[in-house]
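Visitor: Structure incoming, see below.
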Amino acid sequence: MDEAKALGRRVREVRSWRQLTLREAAGLAGLSFSFWGQVERGDKTVTNRKTLEAMASAQIGRASCRERV
């Protein structure tokens, strides 16, 4: 499995575990949901560190909000 597909698989796994829709996760990260979907499918490689950080923060941030409620 290539790196793009492995990353996409993990991103989808975490997003699903956090119970976020693709649109919610992309919105929280400030990314288009089509870009997020392309990353999850392994069609698009994330080459920008800020983009990867935004994707991670979106998934972590939402989980913390749910835990506080």
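The values are calculated or read from the model by the stated rules, or taken from the named source; none is laboratory data. On a predicted model such as this, the values are computed, not experimentally measured, just so you know. In this analysis, Cβ positions are derived from the backbone assuming ideal geometry, glycine residues included, and neighbour counts consider all displayed protein chains. When the accessible area is computed, the model is the full protein with side chains, heavy atoms only, and any ligands, DNA or RNA have been set aside. Shrake-Rupley method; radii C 1.70, N 1.55, O 1.52, S 1.80 Å.
Visitor: Roughly speaking, to the nearest percent, how much of the chain's 1.4 Å accessible area is carbon and sulfur?
Guide: After summing per-atom areas, the C and S share lands at 52 percent.
Visitor: Please give, to one decimal in nm, the separation of the simple spin-label points placed at Thr21 and Arg49, each 7 Å out from Cα toward the Cβ.
Guide: 3.4
Visitor: Need the full-extension length gain, Val14 to Gln38, defined as separation in residues times 0.36 nm minus the C-alpha distance. One decimal, nm.
Guide: Working: separation 24, 0.36 × 24 = 8.64 nm, distance 1.57 nm.
So the chain would gain 7.1 nm between Val14 and Gln38.
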